[in-house]
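First comes the structure, then the notes that go with it.
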Amino acid sequence: QGPEAVSPTGTPTGAPLTARAQSGQYLTTAQGLRLGDTDHSLKAGPRGPVLLQDHHLREKITHFDHERIPERVVHARGAGAHGVFRSYGTAARISRAGFLAKDVETPVFVRFSTVLGSRGSADAVRDTRGFSTKFYTDEGTYDLVGNNIPVFFIQDGIKFPDLIHAGKPHPDREIPQAQSAHDTFWDFVSLHTEAQAHTMWNMSDRGIPRSLRTMEGFGVHTFRFVNAEGKTTLVKFHWKPKQGVHSLVWEEAQIINGMDPDFHRRDLADAIEAGAFPEWELGVQTFPDTEDQMFEGIDLLDPTKFVPEELAPVQPIGIMTLNANPTNYFAETEQVAFHPGHLVPGIDVTNDPLLQVRLFSYLDTQISRLGGPNFGQIPINRPQAPVNDMLRDGMHQQAVHGGAAPYHPNSLDGGCPFLAGQDMSAFIDVPEELAASIKERKNPASFSDHYSQARLFFRSLTPVEQDHVIQAYTFELGKCYEKAIRERQLLALANVDTDLCAAVAKGLGMPAPAATEDVADAEPSPALSQLGKTWPVA
Ligand code: HEM
């Protein structure tokens, strides 16, 4: 058992973010040499040339040359804040996670993001929003890496590169989908129809939140709680904003993006600075951990499906308050690294095939984004629990590890630090019987329904909200050059709701196709019959 990891200055991991930065009275080089002049390079005479021996000049310019790191491959634009999560204790019966016990306060860092835009893109675009929370618990860091929409575009992670390639800017002109040619996005979602439910949420007012403070958050996948007796319960996570759920209307969003592209990050920072700390209640929907992992006909492992709250109410388990802005955008918001596999005892993953691929993807991308395998030692990523791992060396290693030999089992270097499988404070994988022994690439039959949840969501909206959905589809599809893509997406809409399809088709000046799926049991859309409007292609 080696000694606790320490930084080069001897501070334990989890030390304050500003530990080494700007600590002296005088301007110095990176080596601590006091400087007399940082405004003039060293020259041969007043008119030059500049001398290569000017170490301070070379250090200053070289460091500047390397100031940028790659932006995230997705969710590149984000805004972060620090806060605290206080648990109610209501989940203690079903999860043994220490931070969910009654009245435990846990520091958190939250990063909100858009998905498709680059780091410098506008805030109020129509897009999904990321909602990631890092809980610095006593038992290790727990990350809840969610979105503001409860369903996802795809059922299997192998489709993620296809989805993102279809949605990101075109490679020839680097013009974002959000403002220009929409063909690739609508081509993909009309061919890959499991994306229809998520796309419907994007086209609704949820796609253009008024504020990051007025968004819901969802874990999307079904997770597994494990209690002190080892009993498991399936759960879906929900963040409910105390500020209410509010959206922009499209015209507002377009004006805001022109006038103030930083609208959302400014709003969040201003609110926190003014002491109007935003709050979200964390809740869970709970389901019995049955063999088929179905609930009321909904496959809980299908991330394109949500469970209506009427069928499984959201039960509050704690409250989060964001109460401090980051000190430094790069150090905190940019360098923070979330991972759905950062779990604590009492919370585990399920076999959702999208979640399973995410468990690989985040660590992999962060090794390249943050320059090697030691980004967990960056202050914002340091656990606030003691760390005693066997990871050694690597690029940007900060810790000065003691001890002779990081291997296990080990009789020389401190003995055996744990008794695997017997210590209930350790993370224990839930034993799970695997149903299929046949290697195959097929989806289960329960994943094949691609339209009913889009229909359910659309029909749950008020007339004004339905009106906005129709306008959004009409506007966005009106930007598609390829008629065949518009026709195929209209067919998908016909399979969701005949009246919705007819209204969008009318707006596009195209005939409405007949549904190929059975939508007969569908209730008529009262909102549409009331409104009966059409919208021109803008
Ligand atoms: C960020 C991959 C699905 C939420 C990322 C990043 C990658 C990634 C590579 C960049 C991470 C970084 O550079 O630190 C994937 C893959 C998915 C997937 C392969 C499907 C298999 C999802 C889903 C959600 C989600 C379903 C929501 C439940 C997020 C969020 C971020 C993110 C919120 C931004 C994290 C931050 O603020 O730093 N994803 N993702 N992703 N992903 Fe996913």
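Derivation of every value follows stated rules applied to the coordinates shown; laboratory data play no part. A quick note: this is a predicted structure, and the numbers were derived from the prediction, not measured. With ideal geometry, Cβ positions are generated from the backbone for all residues, glycine too; neighbour counts draw on all protein chains shown.
I need the calculated FRET efficiency for the pair Leu359 and Arg47, taking r as the beta carbon distance and R₀ as 56 Å, to the nearest 0.05.
Details: r = 61 Å, r/R0 = 1.09.
Given R0 = 56 Å and the Cβ-Cβ separation, E is 0.35.
Give me the distance between the Cα centres of the stretch 320-394 and the stretch 145-210, rounded to whole Å. That distance is 25 Å. Rounded to 0.05, the FRET efficiency of the Arg119 and Ala21 pair, given R0 = 25 Å and the Cβ-Cβ distance, is 0.65. Other residues with beta-carbon under 14 Å from the beta-carbon of Asp143 carry, at +1 per Lys or Arg and -1 per Asp or Glu, a net charge of +2.
Looking at the square roots a ≥ b ≥ c of the eigenvalues of the Cα gyration tensor of the stretch 151-225, which shape do they give, rounded for a/c under 1.5, prolate if a/b is larger than b/c, or oblate?
Values: a/c = 2.01, a/b = 1.29, b/c = 1.55.
It comes out oblate by the Cα gyration axes.
For Asp260, no residue 5 or more places off, or on another chain, has a built amide H under 5 Å of its own.
Pull out the extension gain between Asp138 and His170, defined as 0.36 nm times the separation in residues minus the alpha carbon to alpha carbon distance; nm, one decimal. List each step's numbers first, then the result.
Numbers: separation 32, 0.36 × 32 = 11.52 nm, distance 4.49 nm.
Full extension from Asp138 to His170 adds 7.0 nm.
Annotation: amide H of Thr137 within the under-5 Å range of Tyr142, Gln384, sequence separation 5 or more or interchain, hydrogens built in the peptide plane.
Ordering Arg72, Arg77 from the fewest to the most neighbouring beta carbons within 10 Å gives Arg72, Arg77. Above 18 Å, the calculated P(r) of the stretch 228-295 contains 63 percent of its Cα-Cα pairs. The packing ranking, built from the mean of other Cβ atoms within 10 Å per residue, places the peptides 126-137, 290-301 in the order 126-137, 290-301, highest first. Extension gain, Ala30 to Ala274, is 84.2 nm, computed as 0.36 nm per intervening residue step minus the present C-alpha separation. The HN-Hα couplings worked out from phi for the stretch 189-205 by the Karplus form 6.51 cos²θ - 1.76 cosθ + 1.60 (θ = phi - 60°) are 6, 7, 7, 9, 5, 5, 7, 5, 5, 4, 4, 4, 5, 4, 6, 7, 4 Hz, whole numbers, x standing for Gly and Pro. Toward the positive end of the charge dipole of the chain, about the Cα centre and with charges on Cβ (Lys, Arg +1; Asp, Glu -1), which of Pro49, Phe458, Thr290 goes farthest? Farthest along the dipole direction, towards plus: Pro49. Placing a pseudo-label 7 Å from each Cα along the Cα-to-Cβ vector at Glu440 and Thr327 gives an inter-label distance of 5.6 nm. Principal-axis analysis of the Cα atoms of the chain puts helix 463-477 at an angle of about 80° to the longest axis. Measure nothing but the geometry: give the 0 to 90° angle between the long axis through the Cα atoms of 250-259 and the longest principal axis through the Cα atoms of the chain, rounded to 10°. Computed tilt is about 30 degrees.
What number, in percent, do you get for the relative contact order of the stretch 149-287 if the mean sequence gap of Cα pairs under 8 Å and at least 6 apart is divided by its residue count? Taking the mean separation of contacting Cα pairs over the length of the stretch 149-287, I get 24 percent. Under 15 Å from a point 7 Å along the Cα-to-Cβ line of Glu281: which residues of the stretch 235-254 have their amide N that close? Backbone N within reach: 238-245.
Could you line up Leu355, Leu500, Leu35 from fewest to most neighbouring Cβ atoms inside 10 Å? Numbers along the way, then the final one.
Values: Leu355 21, Leu500 25, Leu35 11.
Starting with the residue having the fewest Cβ neighbours, the order is Leu35, Leu355, Leu500.
Computed over the chain, relative contact order equals 19 percent, with contacts defined as Cα pairs under 8 Å that lie 6+ residues apart. Among the GluC sites (Glu not before Pro) in the stretch 124-206, those located in a DSSP loop and surrounded by at most 12 other Cβ atoms within 10 Å of their own Cβ are Glu174. Within a straight-line Cα-Cα reach of under 15 Å, Lys102 can be paired with the following aspartates and glutamates, leaving aside sequence neighbours fewer than 8 residues apart in one chain: Asp138, Glu281. Equivalent ellipsoid of the chain: semi-axes from √(5λ) of the C-alpha gyration tensor, largest first, are 43, 33, 21 Å. Of the residues Thr516, Ile378, Pro313, the one whose Cα sits farthest toward the positive end of the charge dipole of the chain, with +1 on the Cβ of Lys and Arg and -1 on the Cβ of Asp and Glu, is Ile378. Residues whose amide H falls under 5 Å from that of Val104, counting only those 5 or more places apart or on a different chain, are Ser87, with hydrogens built in the peptide plane. Counting only lysines at least 8 places from Lys305 when in the same chain, those with an alpha carbon closer than 26 Å to its own are Lys134, Lys159, Lys168, Lys231, Lys236, Lys240, Lys242, Lys439, Lys442. Let me make sure I get this right: for the stretch 373-509, a, b and c are the square roots of the gyration tensor eigenvalues over alpha carbons, sorted descending. Under 1.5 in a/c it's rounded, otherwise prolate if a/b > b/c, else oblate. Which is it? Prolate, because a/c is 1.5 or more and a/b exceeds b/c. Can you pull the percent of Cα pairs in the stretch 153-278 with separation above 25 Å? Result for the distance tail: 45 percent. A simple rule links phi to the HN-Hα coupling: the Karplus curve 6.51 cos²θ - 1.76 cosθ + 1.60 with θ = phi - 60°, which for the stretch 26-31 gives 10, 6, 9, 6, 5, 8 Hz, with x for Gly and Pro. As I understand it, the value is the acute angle between the Cα axis of helix 263-273 and the longest principal axis of the Cα atoms of the chain; what does it come to in degrees, rounded to 10? So the helix axis and the longest Cα principal axis differ by about 60 degrees. Dipole magnitude for the chain: computed about the Cα centre from +1 point charges on Lys and Arg Cβ and -1 point charges on Asp and Glu Cβ, it is near 1360 debye. Where only DSSP H runs of four or more residues are counted, the chain gives -7000 deg cm²/dmol as its mean residue ellipticity at 222 nm, each run worth -39500 (n - 2.57). At a Förster radius of 56 Å, what calculated FRET efficiency corresponds to the Cβ-Cβ distance of Val84 and Ile61, to the nearest 0.05? Computed FRET efficiency for Val84 and Ile61 comes out at 0.85.
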